[in-house]
Amino acid sequence: MLQPVQAARAVAQGMVVAIADFKAFYTWRTWLGAWLVRIVCQVAFYSMIGHMVGDSDYVVFVIIGAAMMACVAETLMTSASSTWDRTTAGTLPLLVGSPVEPGFFYFGRSVMWPLSATVTTSVAILTLSFFFDLSWTPVQIVLLLLLVLLASLSTYCFALVVGSFAMLYPGARNVMSAVVTVWVSCFCGTVVPVDFWPPAVQWAAQTIPMTHGLEAVRGLEGGAPAAEVTVHTARTLLSGAAWFLLSLLLFRRNFSAARRGNALVG
Amino acid sequence: MTEHLTKRRLTLLTGFWTGFEFQIVTMRGQAETYFALITAPFFALLYMSIMEYSGRSDLNTHAVIAPMLMTLWTAALSFSGEMISANRENGRLELLLASPTSFPMLVFGRLCACMLLGLPSFAMSYVSAGLAFGYWMPIHHPGVFAGALLLTALATAAAATALSSAFVLTLGARIVQNTLSFPVYLLGGVIVPVSLFPGWLEGISRLVFLSWSADLLRASASPEPVENAGLHFAMLLLLGAASLAFGLLSIVWFLHRARQLGALSKE
């Protein structure tokens, strides 16, 4: 039975790699001047569509949806970073040989994406709010940051499941993340309500944390009762936890197979 | 003199066709091919859902055309990223330069072949909109549509040639690949016509060739006569030619510099 201290240590060890990778990936200049600008442009792109086709309420709906869509895209970069130990760094055999619990290690290993996504998504929402006369009180801004963080982390748990499959098929890592991102963007209520789609799609969308995270943020913006926002947040966390448990099992399965000598570390 | 010019033209053409054929064979096994293609039907559904939900089915054409333009640009970013550096890393660059073909034209030829992905992406976008929403986009001016598509593909390949040299000269490919997508979709007016932008932003957007392409392609699906078609084609041609000239000269400059530094086979 894994002790909490061991689990925390595995996460912390993964985070060491995450920080090093993030520093190698971005400098402050490229993160601020390139990546953040790209995310703001992405939200502006969808906001302009909303402005072209709908009224001001619909523009607000799209600003929040598009920003959360960008959050999903950034968090899904976990699909690529879950393969780097195998493809780029070549450290996967060492990890497989170590007594680490892989699911917890990989939770720390790509955590830079949801944290970065929290900042980029929040900045994008607030920037576009300025251009489209959407106002937030200071308390709402604090709660917005918190809700975006929780939605990012819950989406990250879902992304870890994608990452566990990408580890097996590293050549398809970008295709997997692109398909999942655009699927979530399409069907989870980012630009049209979930009930626009057929019932089977609506049901599938309920399993995705971002569906509920979006409801929570929209509730906050629209002044919904606190209880309603809390329920949506709880659903976000609950679905995130379920995906996290699944990722623990899948990463453990990958490592077990590798220890038995399959091609993963060959 | 005439013989020299003929030989030079032959070298350029050989480079182009060799690159074109090589890329067609290579692309089949490359993940970038599927990465560029796979999102087109989903984007079509996404944009069609916006139009249908907001009751603006008169703008369905925008929703079907945008994913194709996005695929072309995604392919440009994906394939140009490591086109020169991969040749450098695997030691092929020196052999290519020793051969009598034009290396810059070889790169352009390869990137032109990548633009063939525009056709299946349009087909997927078209069929997705048709099957899911019953919207089968009419093309009222097929000549304008085909001409705009061809010139857009060439201009995108030209822009990708310029990018490929920029990647190897100064910039980190991955950062640019991740960054240059949505700013270009926005400024290129792939779904929202740039004529709806504020004046200053429209001015900037008109420097992006996609803004002329998107206007032409959308107009070709409308029953009304295409307004200012000549101007649009001319601007598309001009911006594409400028990108190509910049790209080819940048590659020549890079090769010259790498030769001076003895760095042809180094990363």
Problem - Top-ranked residue in region B:165-182 [being among the hydroxyl-bearing types (S, T, Y) and more than 26 Å from B:H256 (Cα to Cα); ranked as modelled with the lowest pLDDT] - result: B:T179
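Is it true that some residue in region B:131-150 is crowded, with 24+ Cβ neighbours inside 10 Å and within 26 Å of A:V43 (Cβ to Cβ)? First the steps, then the outcome.
Quick first cut of region B:131-150, residues crowded, with 24+ Cβ neighbours inside 10 Å only: B:148.
Checking which are within 26 Å of A:V43 (Cβ to Cβ) leaves us with none.
No: region B:131-150 contains no residue that is crowded, with 24+ Cβ neighbours inside 10 Å and within 26 Å of A:V43 (Cβ to Cβ).
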Practice task
Tell me which residues, restricted to region A:218-235, are closer than 16 Å to A:V139 by Cβ and assigned to a helix (DSSP H, G or I).
Solution key: A:G219, A:L220, A:E221, A:G222, A:A226, A:V229, A:T230, A:T233
Practice task
Working carefully through the options A:S247, A:S177, A:S154, find the one that is farther than 29 Å from A:S47 by Cα and of a type in the set (S, T, Y).
Solution key: A:S247
Practice task
Tell me, yes or no, whether region A:220-231 has at least one residue that is away from chain B (no Cβ under 14 Å), among the β-branched types (V, I, T), surrounded by fewer than 18 Cβ atoms within 10 Å (Cβ to Cβ) and within 24 Å of A:L147 (Cα to Cα).
Solution key: yes
Practice task
Tell me, please, whether a residue that is at negative phi and within 14 Å of another protein chain (Cβ to nearest Cβ) can be found in region A:142-153.
Solution key: no
Exercise for the section: For region B:34-54, state whether one or more residues are more than 9 Å from chain A (Cβ to nearest Cβ) and without any contact (Cβ under 8 Å) to a residue 40 or more places away in the chain. Expected result: no
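Looking at B:W73, B:W17 in this structure, which one is more than 30 Å from A:D57 (Cα to Cα) and within 14 Å of chain A (Cβ to nearest Cβ)?
On the way: B:W17 fails: within 14 Å of chain A (Cβ to nearest Cβ).
So the residue among B:W73, B:W17 that is more than 30 Å from A:D57 (Cα to Cα) and within 14 Å of chain A (Cβ to nearest Cβ) is B:W73.
Part of a helix (DSSP H, G or I) and more than 14 Å from every other protein chain (Cβ to nearest Cβ): does that describe B:A132? So that I can check it myself, show each step before the final result.
On the way: part of a helix (DSSP H, G or I): yes; more than 14 Å from every other protein chain (Cβ to nearest Cβ): no.
No.
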Exercise for the section: Would you confirm whether any residue within region B:60-82 is more than 19 Å from B:P41 (Cα to Cα) and either more than 20 Å from the chain's Cα centre (by Cα) or not in a helix (DSSP H, G or I) (or both)? Expected result: yes
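Which of the residues belonging to region A:135-160 are crowded, with 17+ Cβ neighbours inside 10 Å and under 22 Å from A:E228 (Cα atoms)?
Within region A:135-160, A:L143, A:L144, A:L147, A:V148, A:L149, A:L150, A:A151, A:S152, A:L153, A:S154, A:T155 meet the criteria.
Looking at A:A20, A:A44, can you tell me which residue is loosely packed, with under 13 Cβ neighbours inside 10 Å and within 21 Å of A:S116 (Cβ to Cβ)?
Values: A:A44 fails: loosely packed, with under 13 Cβ neighbours inside 10 Å.
So the residue among A:A20, A:A44 that is loosely packed, with under 13 Cβ neighbours inside 10 Å and within 21 Å of A:S116 (Cβ to Cβ) is A:A20.
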Practice task
State whether one or more residues within region B:211-224 are at pLDDT 95 or above and aromatic (F, W, Y).
Solution key: yes
Completion exercise
Filtering region A:37-51 for residues that are within 13 Å of A:A73 (Cβ to Cβ) and at the interface with another protein chain (Cβ under 7 Å from one of its Cβ atoms) leaves a count of 4
Fill in the blank from the handout: B:Y126 meets each of (1) without any contact (Cβ under 8 Å) to a residue 12 or more places away in the chain; (2) more than 13 Å from chain A (Cβ to nearest Cβ) with one exception, condition (1)
Exercise for the section: For B:P183, indicate whether it is closer than 22 Å to B:L217 by Cα and touching a residue at least 40 places away in the same chain (Cβ under 8 Å). Expected result: no
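The values are calculated or read from the model by the stated rules, or taken from the named source; none is laboratory data. Keep in mind the model is a prediction, meaning the values are calculated, not measured. Reconstructed Cβ throughout: ideal geometry from the backbone, glycine too, with neighbour counts over all protein chains shown.
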